[in-house]
Amino acid sequence: MSETWPAHLAVGAVRFARPTARFDETLTFYRDDLGLPVLAEWRDKDGWDGAVLGLPGAPVHLEVTHHPHSPPPPAPHPENQLVLYLRGPEARDTAAARLTGRGHRPVAASSAYWPERGAVLFPDPDGWLVVLAPWVFGVDPVPRPPSG
């Protein structure tokens, strides 16, 4: 696995943006229920509401936006996922307990890959999936599925 960006692509940060039809509920899910810090937020900026969530100092962000006159957002697909690689099973269990304690329920994955490796999936208010994986990609070994 490469450790550096290609010379022609001097990226300093990455932001994934997606629209939502349920801005307030989606913001509550990611900010309050999951616990991601809000790095920026705006209301009615040229008609748009939005928020950038992430970890302070980390160069990867999730942006959710809403405009009342936009076409409806695309339907969620089970393979469109926000994967949070957590620092072990205890961290996964803590995050999952926080979500279930706030009324969210895990859902089945569309493939066996995630559950075989100990991950838990939760839908956000639009039905997009958040994967809580119990290892850090590129740092920890990927858990092996149980032999059977």
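The values are calculated or read from the model by the stated rules, or taken from the named source; none is laboratory data. Everything quoted here is computed from the prediction, not taken from an experiment. Glycine gets a Cβ as well: all are built from the backbone with ideal geometry, and neighbour counts include every protein chain shown. Note: accessible area is taken over every heavy atom of the protein model, side chains too, but ligands, DNA and RNA are not part of it. Shrake-Rupley method; radii C 1.70, N 1.55, O 1.52, S 1.80 Å.
Using the Karplus relation 6.51 cos²θ - 1.76 cosθ + 1.60 with θ = phi - 60°, the per-residue 3J(HN,Hα) values for the stretch 111-118 come to 9, 7, 3, 5, x, 5, 10, x Hz, with x marking Gly and Pro. Angle between the Cα long axis of helix 89-101 and the longest principal axis of the chain, 0 to 90 degrees, nearest 10? Helix 89-101 sits at roughly 40 degrees to that axis.
Considering only Thr26, Ala119, Leu99, and ranking their Cα positions along the charge dipole of the chain that arises from unit charges at the beta-carbon of Lys, Arg, Asp and Glu, the one farthest toward the positive end is Ala119. For the chain, the share of accessible area belonging to carbon and sulfur comes to 57 percent (1.4 Å probe, ligands and nucleic acids excluded). The residues of the chain have, on average, 61 Å² of accessible surface per residue, using a 1.4 Å probe with all protein chains present.
Amide H contacts of Val83 (H built 1.01 Å from N, in plane; Pro and chain starts excluded): Val131 sit under 5 Å, all sequence-distant by 5 or more or on other chains.
Could you give each residue of the stretch 129-145 its phi-based ³J(HN,Hα) in whole Hz, using Karplus coefficients 6.51, -1.76, 1.60 with θ = phi - 60°, and x for Gly or Pro? Computed from phi, the couplings for the stretch 129-145 are 9, 10, 9, 9, 9, x, 7, 9, 4, x, 10, 9, x, 5, x, 8, x Hz. Taken along the Cα-to-beta-carbon direction at a fixed 7 Å, the label points for Ala75 and Arg22 span 1.7 nm.
Rounded to whole numbers, the Karplus 3J(HN,Hα) couplings from phi for the stretch 23-31 are 4, 4, 5, 5, 4, 4, 4, 6, 7 Hz, using 6.51 cos²θ - 1.76 cosθ + 1.60 with θ = phi - 60°, and x at Gly and Pro. How many angstrom separate the Cα center of the stretch 1-17 from the Cα center of the stretch 97-148? Rounded to whole Å, the Cα centres lie 26 Å apart. Over the residues of the chain, the helix contribution to mean residue ellipticity at 222 nm works out to -4000 deg cm²/dmol, using -39500 (n - 2.57) for each DSSP H run of at least 4.
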